[in-house]
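Just so it is clear, none of the values below were taken in a lab; they were calculated from the coordinates. It should be emphasised that the depicted structure is a prediction, and the values quoted were computed from it without experimental measurement. So basically every Cβ, Gly included, is an ideal-geometry build from the backbone, and we count neighbours across all protein chains shown.
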Amino acid sequence: MSGIKKIGVFTSGGDSPGMNAAIRAVVRSALYYNLEVVGIKRGYEGMILGEFEDMDRKSVANIIQRGGTILRTARSADFKTKAGREQAYQQLKSRNVDALVAIGGDGTFTGAKVFGEEFDFPILGLPGTIDNDLFGTDFTIGYDTAINNVVDAVDRIRDTAESHSRLFIVEVMGRDCGLIALRSGIGVGAESIFIPETKTDMEAMMHRLEISRKDKMSKILIVAEGEGDSGGAVELAERVKQRFPQYDTRVSILGHIQRGGKPTCMDRVLASRLGVAAVENLITGRRNEMVGLLNGKIAFTSFDHAIKHNVEINKDLFKIVDILSL
Ligand code: F6P
């Protein structure tokens, strides 16, 4: 047993739908196991400045359905410095916080790894990012909501594209990872998807547009924001226009609409399971790992490994787009 009495919980980096469900799960399970729990505002930034708030059952009532994060979030430059981390440590000590649950993505876990090692501090991480770019979990908290947000938006675009017989190039989020584009692309029946993990054969793509059914009223191409070969949505649109002047081409960049809104049930359940597992495993002495879900089971991955960006693209999924879009 770890002897932990008080847990701090915080969210950091880009927010993701389901973070509130994760906070709720951490707070309620900590109380269930007779631990005290404090919420730390604005991630590492608030930790440095001592923005702490005692949490009870009521502080997390009616938040499971809300997007964003009630603890707010930030990206902290100061936490990257030794002095900043030292100050954060002193703040935690002064409030008797003896373990942390960090909810976020790769930046959050990079900070958690350094801090955990430097001060021998127990931390477990929950994968909270819409990008799904962490190794050691099949899905991150927020990814399912984000891809459903994309599907909702592109379904609407499809309606108007169909009415006007237009070709739409839709840019989706994902920083340098194409997993949002890949799944949502299949979900909307995209004609083509462009992701950073695979080399885009522009000629082949143009050829596919050429031979695709002439009676298709609309065409949707999904481009991940970090994809470089096509030059991004705007440049790709120029290339398509030059080659196919007969197409009425439009660009739509979905942006942060993808990251907001109510979390899906999948994300709420994932966040709840991982939040409970984090508290239970801090109690038994686990530390410096991310808690994820692999093949339906709770799994632990070192922070180091989780952030290595070695999430593989499922080639079968990629091929499905080609097969089904003709
Ligand atoms: O990591 C989540 C994410 O939404 C990425 O998909 C995107 O590239 C980035 O954050 C946008 O960051 P910001 O909200 O700071 O513009």
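Give, to the nearest whole percent, the P(r) tail of segment 1-157 beyond 24 angstrom, counting all Cα pairs.
32
Read phi for every residue in segment 89-103 and hand back ³J(HN,Hα) as whole Hz from Karplus 6.51 cos²θ - 1.76 cosθ + 1.60, θ = phi - 60°, with x for Gly and Pro.
3J(HN,Hα) across segment 89-103, in whole Hz: 4, 4, 4, 5, 4, 5, 9, 6, 7, 10, 7, 10, 10, 9, 10.
Please express the Cα-Cα pair-distance distribution P(r) of segment 221-264 as a list of whole percents, one per 5 Å bin, running from 0 to the bin with the greatest distance.
The calculated distribution, bin by bin, is 5, 19, 24, 19, 14, 8, 7, 3, 1.
Normalized C-alpha radius of gyration of segment 275-318, against 2.2 N^0.38 Å?
1.41
Once each part is reduced to its C-alpha centroid, what is the distance from segment 257-311 to segment 174-201 in angstrom?
After rounding, the separation between the Cα centres reads 24 Å.
Can you give the calculated 222 nm mean residue ellipticity of the chain, where each DSSP H run of n ≥ 4 adds -39,500 (n - 2.57) and the sum is split over every residue, rounded to the nearest 500 deg cm²/dmol?
Result for the chain: -12500 deg cm²/dmol, rounded to the nearest 500.
Grab segment 207-326 and count how many Lys pairs have their alpha-carbon atoms under 24 Å apart, sequence gap of 8 or more, or different chains.
Lysine pair count for segment 207-326: 9.
Compute the Rg/Rh shape ratio of segment 145-259: radius of gyration over Kirkwood radius, all on alpha-carbon atoms.
0.93
Would you please give the residues with an amide H less than 5 Å from that of G125, counting only those at least 5 places away or on a separate chain, with H modeled from the backbone geometry?
Close amide H contacts, sequence-distant or interchain: A102, E289, M290, V291.
At R0 = 22 Å, how high is the FRET efficiency between K80 and E117 if r is their beta carbon distance? Nearest 0.05 is fine.
The computed FRET efficiency comes out at 0.90.
With only Lys, Arg, Asp and Glu charged, each at its Cβ (+1 for the first two, -1 for the last two), find how big the charge dipole of the chain is about the Cα centre; round to the nearest 20 debye.
Charge dipole, the chain, about its Cα centre: 740 debye, nearest 20.
Roughly how many nanometres apart are two label points built 7 Å out from the Cα toward the Cβ at R95 and I253?
3.7
By what distance, in whole Å, do the Cα atoms of the chain stretch along each of the three principal axes, largest value first?
Sorted largest first, the three principal extents are 68, 37, 33 Å.
Which whole-Hz ³J(HN,Hα) couplings does segment 16-30 yield from phi under the Karplus relation 6.51 cos²θ - 1.76 cosθ + 1.60, θ = phi - 60°, glycine and proline marked x?
So the Karplus estimates, Gly and Pro as x, are 8, x, x, 4, 5, 5, 5, 4, 4, 5, 5, 5, 5, 6, 4 Hz.
In the chain, what % of DSSP beta bridges are antiparallel (nearest 5)?
Of those bridges, close to 20 percent are antiparallel.
With θ set to phi - 60°, apply the Karplus curve 6.51 cos²θ - 1.76 cosθ + 1.60 along segment 69-82 and write out the HN-Hα couplings as whole Hz, x wherever there is a Gly or Pro.
9, 5, 7, 6, 8, 7, 10, 9, 6, 5, 5, 6, 9, 4
Counting other C-beta atoms within 10 Å, which of E117, E51 has the fewest, and how do the rest follow?
With the fewest neighbours first, E117, E51 line up as E117, E51.
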